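The values are calculated or read from the model by the stated rules, or taken from the named source; none is laboratory data. The model shown is predicted, which means the values in this text are computed figures rather than measured ones. Here Cβ is always computed from backbone atoms with ideal geometry, including for glycine, and neighbour counts include all displayed protein chains. Ligands, DNA and RNA are excluded from the accessible area calculation, which covers all protein heavy atoms including side chains. Shrake-Rupley method; radii C 1.70, N 1.55, O 1.52, S 1.80 Å.
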Amino acid sequence: MAQAMSEFDHRYNMLIERFASEAEPPFNSASEQEFGWGRRWGCNSDIGRLRVVLMHRPGEEMKVLDGLPLITELGAFGDPKTGAYWRGEFIPPLAEQQAQHDALAAALREEGVEVVMLTRVAAGRHKSIYTRDSCIAIDGGAVVTRMGPRIRRGEERPVTETLATIGMPILRTIAGNGLMEGGSFAYVRPDVAVIGVSSRVNEEGARQMEEVLALQGTRLVRVQIPGYRLHIDGAFVMLDHDVALVNPVILPFVFMEELKRLGIRMIPLNHEDPSWAINCLAVAPGRVLMSDQVGPRTQEALDKAGISVRLVAYDKVYLGGGGIHCSTSPLVRDPI
């Protein structure tokens, strides 16, 4: 009668039993991150002390804007063939945009933040300055997004290359027909996040993000962004553990009621201030970098809430369609 198992197979099985696989601790635990990836990566909030941020200084890719025709009825420049467009009838000189971007990067460094620049950009992708949209840092690593409009498709590869260069784990790349842009993702607190479903974020993209977040025990709230508005960061930004700056004209009532249930105090952007002033960045709980175009009414409300604000000139860059929040993609924050 043949043996059911050879001596070699028996010893091999006993060996593997003794040196068994270990599912714990989880991938995003501090010990696993530091052992396998050199440090703890990612973010579990939008307000933890910011340690590393991804940015891109505008450069050669902006030349795609040269000679764009003016679309009079839209009050904007654009070429449907290439997908390149510029909102508004004035494109400021590149040097002015670079100067404001340099000043923002300098302010971040003065706040103790390490600024990582993209290693390269895809040719002609003039919106690469808005790094917020191309990747989303969650606890333990990053999700590389999949951009909606043609002029932004292609930003994903340089971002992936940059993250690999610095050794950051990539937990997922949005695939299939999913669309996801980072400006429409936000943490409310570590166990609750929100995605604005819009012309730039579809249900399939939200579903894929939800799968990754579920592994970490984070519940995802979906918010429908009205009309052709792009991202939730035009209406909601966390500033402190329980304080958010909001534009109540845009946010759905149901979501604002959810924020109240979660104990979040909402500071409405004053109606006399520029709506894009909400596009700000928390560098620590209660410490925010904000455009110097924000008016005294909103600043007074922030002061009363105990929010410390550092003003940065960024109006020239904003003309391209994104502010301080859009131009910064946090890669590492202290966990809260």
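Mind checking whether some residue in region 218-225 is more than 20 Å from residue 330 (Cβ to Cβ) and exposed (fewer than 14 other Cβ atoms within 10 Å of the Cβ)? Yes - at least one qualifying residue is present in region 218-225.
Among the conditions (1) among the hydrophobic types (A, V, I, L, M, F, W, C); (2) under 15 Å from the mean Cα position of the chain (by Cα); (3) modelled with pLDDT under 95, residue 70 misses just one, which is (2).
Whenever a residue of region 100-119 is within 11 Å of residue 324 (Cα to Cα), its partners that are open to solvent by 50 Å² or more (accessible area, probe 1.4 Å), lying with C-beta atoms within less than 7 angstrom and at least six residues away or across chains, give the pairs 100/316; 101/57. Quick check: anything in region 42-61 surrounded by fewer than 12 Cβ atoms within 10 Å (Cβ to Cβ) and out of contact with any helix residue (DSSP H, G or I) (no Cβ under 7 Å at 6 or more places or on another chain)? Looking for residues that are surrounded by fewer than 12 Cβ atoms within 10 Å (Cβ to Cβ) and out of contact with any helix residue (DSSP H, G or I) (no Cβ under 7 Å at 6 or more places or on another chain), one finds at least one in region 42-61, hence yes.
Any chance region 97-118 includes a residue that's at positive phi and part of a loop (DSSP other than H, G, I, E, B)?
Yes: region 97-118 contains one or more residues that are at positive phi and part of a loop (DSSP other than H, G, I, E, B).
Is one or more of the residues making up region 124-147 over 21 Å from residue 327 (Cβ atoms), touching a Gly at 6+ places or on another chain (Cβ under 9 Å) and of a type in the set (A, V, I, L, M)? No, every residue in region 124-147 fails to be over 21 Å from residue 327 (Cβ atoms), touching a Gly at 6+ places or on another chain (Cβ under 9 Å) and of a type in the set (A, V, I, L, M).
Being touching an Asp or Glu at 6+ places or on another chain (Cβ under 7 Å), farther than 19 Å from residue 318 by Cβ and assigned to a strand (DSSP E or B) is the requirement here; does residue 239 meet it? Spelling it out, it is not the case that residue 239 is touching an Asp or Glu at 6+ places or on another chain (Cβ under 7 Å), farther than 19 Å from residue 318 by Cβ and assigned to a strand (DSSP E or B). When restricted to residues that are touching a residue at least 24 places away in the same chain (Cβ under 8 Å), charged (D, E, K, R) and in contact with a strand residue (DSSP E or B) (Cβ under 7 Å, 6 or more places away or on another chain), region 206-231 contains 3.
Could you run through region 152-193 and say how many residues are of a type in the set (A, V, I, L, M, F, W, C), buried (at least 20 other Cβ atoms within 10 Å of the Cβ) and either at pLDDT below 95 or not in a strand (DSSP E or B) (or both)? So that I can check it myself, show each step before the final result.
So the first thing to find is which residues in region 152-193 are of a type in the set (A, V, I, L, M, F, W, C), and the list is 159, 163-164, 166, 168, 170-171, 174-175, 179-180, 185-186, 188, 192-193.
Those left that are additionally buried (at least 20 other Cβ atoms within 10 Å of the Cβ): 159, 163, 168, 171, 174, 179-180, 185-186, 188, 193.
Right, trim to either at pLDDT below 95 or not in a strand (DSSP E or B) (or both) and you get 159, 163, 168, 174, 179.
Selection size over region 152-193: 5.
Among the conditions (1) open to solvent by 30 Å² or more (accessible area, probe 1.4 Å); (2) farther than 24 Å from residue 142 by Cβ; (3) under 19 Å from the mean Cα position of the chain (by Cα), residue 253 misses just one, which is (3).
It is to be established whether one or more residues within region 13-35 are open to solvent by less than 30 Å² (accessible area, probe 1.4 Å), farther than 30 Å from residue 124 by Cα and in contact with a helix residue (DSSP H, G or I) (Cβ under 8 Å, 6 or more places away or on another chain). Break it down into steps so the answer makes sense when it comes.
Pass one, region 13-35, residues open to solvent by less than 30 Å² (accessible area, probe 1.4 Å): 29, 33.
Going one step further and asking which of them are farther than 30 Å from residue 124 by Cα, we end up with 29, 33.
Narrowing the set further to residues that are in contact with a helix residue (DSSP H, G or I) (Cβ under 8 Å, 6 or more places away or on another chain) leaves none.
There is no residue in region 13-35 that is open to solvent by less than 30 Å² (accessible area, probe 1.4 Å), farther than 30 Å from residue 124 by Cα and in contact with a helix residue (DSSP H, G or I) (Cβ under 8 Å, 6 or more places away or on another chain).
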